[in-house]
Structure formats: C-alpha cells, structure tokens
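Novice: Shown below is the structure under consideration.
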Amino acid sequence: VNETRYSRNELLFGARGQEQIRTTRVGVVGVGGLGAHVVQQLAYLGVTNFTLIDHDIVEASNLNRLIGAVQRDLGRPKVEVAQRLVEGVVEGAAVTVRQESITPDSASAIDDLDVLFGCVDRDLPRLILTELCARSQIPYFDLASDSGEVGGAWYGGRIVVARGEGCLHCLGMLDQEEIRRDSLEPEHLEAHDAIYGIEADALEAAGPAIVSVNGTVASLAVTLFMELITGLAPPPRCLIYRGEQRVLRTLADKPAADCFYCGLWASADHLV
Ligand SMILES: [Zn+2]
C-alpha cells in the first residue's frame, strides 16, 4: 500500500476527489470560534488555496474556543492566527488574508473563489455574502451555532448550503429588523430606536459559546463541502444540529418561490 499524506482520504473519494479538493479555491469569512475549526479541517482535508477575511482581533474571551490561538496571540488579528494554522498543516499553501469587514463593496474579496464559507454572527454580513456569492455564482455555506439557557440549556447550530435552490433569504432565516438596525449609520440608529424601540434580540449579544458545539457545526459543514466537491453526494439546503435533543436533521421547509438571490444562482451553468 502506498501511504501518502492523503492516502486515507483517497480510500473514500479517490485521487480525483483529492485533486478536486486541492484545486478548489476556498474563502472563509469570519475566522473566530466557528471559522477557525473550518479552516483547520479544510487544511487537513487538502485544500491548499485560502482567502481568510475577518476584521477582528483575538480577545481574552475568545481563548475558550479559538482553535490555533495561544495566550500570546491576544491583540493579534484573527486572520493571522488562522493563516498560521493553515501554513502549519499545508506546506506551500496559498493564503490571502484580509483584515477587514464585509460590506456590499467586498465583491473583489471573493473574486476568483470557487466556494465561500460564512462563519459570522450577524445577519447583515450573512445577507451581503449571500448576494455576493449569488452574483459570483459560487456555492455559499453559511454556518451558525446558537445556544442559550432560557427554558433549560439548549445548544446546536445549522448549516445552509445556498447554490440556487434555497438560501437564507427564501428560507426565512434572516432577522430583517437586525439587518435594518445594522445597516443604519450611528446617528440614524438613535432616531430609529427612539421611534421603534429596540428588540432585545436585535442587539449584539454575547451569548454562550462552546468549543465542542462550534466544532460539531464546523465538522458537519466541512463534511458537506467534501461531499459536494468530490461528488460523493449533493448537500441538503439546510442541516440542523440540536445538541440538547440529540438530533441531526435536514430542514423540511420549502424555500419561498421566486427568490431574487436564488434566481441569480440559477442562471449559472458552472456551479460546482
Ligand atoms: Zn433564495
């Protein structure tokens, strides 16, 4: 048996599948608690071309879950920690880092990518990434972990794989009020809140965040990516993990018809 770095991968999806993974250009937006797991697993899986985007720096409260970060990384850009993670696994990896936020003008950041992962925690960047990917006609994996302790502890997450047959918008998974608030300039935000009030869940909340729950959601997403890229199986439009219920299921809901974003994807003829 010829043992190589990827020989155990290839026993599942073949040398051709491994080559498809190697040549897929992957972007990850948000390399915090969720995204760092994704980046690490993609590197081990054999992805060699990364674009990593995150404006944030490492803070003390991240160190319970930020894969690859050590104590002395406090204050360091998260993209640099993620880059080091990749380069430690994949010699000669092509890693582009952008320490910036996603805006509607970020199209150039995702140019030349084949797949994008969104591992962000606000719905405005989720919507922007949905539109950018739809316009670029590349698959968009949106990851979310969620947890809380109201009515007993609950924890889990979900992955939406958008590529023209359902997205965050037409599956009704975006909080329009949160998007509206986050879209406003600070001076308009004050006036908006004075008129409409503030919904508690529209505010930036620092809820529970657990390394193993993030790792589970990230592992599920990377497995769906592997299935899509190697041709093992088509991904579901949404996979849901409910940890406290011991449940993993696909979303039964059908997307709303005539989705603007899915329409942009549907005109593609070169989706993976
Ligand atoms: Zn849609």
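Novice: Just checking, how many residues over the range 1-52 are polar (S, T, N, Q), within 18 Å of residue 94 (Cα to Cα) and not in a helix (DSSP H, G or I)?
Specialist: Filtering the range 1-52 down to residues polar (S, T, N, Q) leaves 2, 4, 7, 9, 18, 20, 23-24, 40-41, 48-49, 51.
Within this subset, residues satisfying the condition of being within 18 Å of residue 94 (Cα to Cα) are 18, 20, 23-24, 40-41, 48-49, 51.
Okay, now just the ones that are also not in a helix (DSSP H, G or I), so 24, 48-49, 51.
Selection size over the range 1-52: 4.
Novice: Considering (1) farther than 28 Å from residue 13 by Cβ; (2) away from the ligand (no atom under 16 Å from the Cβ); (3) without any contact (Cβ under 8 Å) to a residue 60 or more places away in the chain, say which one residue 174 fails and leave the rest.
Specialist: Evaluating residue 174 over (1) farther than 28 Å from residue 13 by Cβ; (2) away from the ligand (no atom under 16 Å from the Cβ); (3) without any contact (Cβ under 8 Å) to a residue 60 or more places away in the chain leaves (2) as the failure.
Novice: Within the range 83-128, count every residue that is part of a strand (DSSP E or B) and open to solvent by less than 20 Å² (accessible area, probe 1.4 Å).
Specialist: Residues of the range 83-128 that are part of a strand (DSSP E or B), as a first pass: 94-98, 115-118.
Applying the additional criterion that residues be open to solvent by less than 20 Å² (accessible area, probe 1.4 Å) yields 115-118.
Of the residues in the range 83-128, 4 are part of a strand (DSSP E or B) and open to solvent by less than 20 Å² (accessible area, probe 1.4 Å).
Novice: From the residues in the range 109-164 that are of a type in the set (Asp, Glu) and on the phi < 0 side of the Ramachandran plot, which one is farthest from the ligand (Cβ to nearest atom)? Steps first, answer last, please.
Specialist: We begin by selecting, within the range 109-164, every residue of a type in the set (Asp, Glu); these are 111-112, 114, 121, 123, 131, 142, 146, 149.
Subset that is on the phi < 0 side of the Ramachandran plot: 111, 114, 121, 123, 131, 142, 146, 149.
Details: 111: 22, 114: 20, 121: 21, 123: 14, 131: 10, 142: 12, 146: 21, 149: 32 Å.
Restricting to residues being of a type in the set (Asp, Glu) and on the phi < 0 side of the Ramachandran plot, the top hit is 149.
Novice: Would the range 154-176 turn up any residue that is surrounded by fewer than 15 Cβ atoms within 10 Å (Cβ to Cβ), part of a helix (DSSP H, G or I) and not small (Gly, Ala, Ser)?
Specialist: Scanning the range 154-176 turns up at least one residue that is surrounded by fewer than 15 Cβ atoms within 10 Å (Cβ to Cβ), part of a helix (DSSP H, G or I) and not small (Gly, Ala, Ser).
Novice: Look at residue 228 and say whether it is part of a strand (DSSP E or B) and surrounded by 12 or more Cβ atoms within 10 Å (Cβ to Cβ). Break it down into steps so the answer makes sense when it comes.
Specialist: On the way: part of a strand (DSSP E or B): no; surrounded by 12 or more Cβ atoms within 10 Å (Cβ to Cβ): yes.
In short, no.
Novice: Determine which single condition residue 106 fails, assuming it passes every other condition in (1) over 15 Å from the mean Cα position of the chain (by Cα); (2) of a type outside the set (D, E, K, R); (3) modelled with pLDDT of 95 or more.
Specialist: Status for residue 106: all satisfied but (3).
Novice: Among 267, 183, 219, 212, which is the only one that is within 16 Å of the ligand (Cβ to nearest atom) and small (Gly, Ala, Ser)? Give the derivation first.
Specialist: Working: 183 fails: within 16 Å of the ligand (Cβ to nearest atom); 219 fails: within 16 Å of the ligand (Cβ to nearest atom); 212 fails: within 16 Å of the ligand (Cβ to nearest atom).
Residue meeting the stated conditions: 267.
Novice: Might you check whether a residue that is more than 19 Å from residue 33 (Cβ to Cβ), more than 15 Å from the ligand (Cβ to nearest atom) and surrounded by fewer than 17 Cβ atoms within 10 Å (Cβ to Cβ) occurs anywhere in the range 250-263?
Specialist: In the first step, residues of the range 250-263 are kept if they are more than 19 Å from residue 33 (Cβ to Cβ); the result is 250-263.
Filter once more, keeping what is more than 15 Å from the ligand (Cβ to nearest atom): 250, 252.
Filter once more, keeping what is surrounded by fewer than 17 Cβ atoms within 10 Å (Cβ to Cβ): 250, 252.
Yes, that holds for at least one residue.
The values are calculated or read from the model by the stated rules, or taken from the named source; none is laboratory data. Quick caveat, the model's predicted, so the values are computed rather than measured. Quick reminder, even Gly has a Cβ in these numbers, built from the backbone with ideal geometry, and neighbours come from all protein chains shown. In case anyone asks, the SASA skips ligands and DNA or RNA and just uses the protein heavy atoms, side chains included. Shrake-Rupley method; radii C 1.70, N 1.55, O 1.52, S 1.80 Å.
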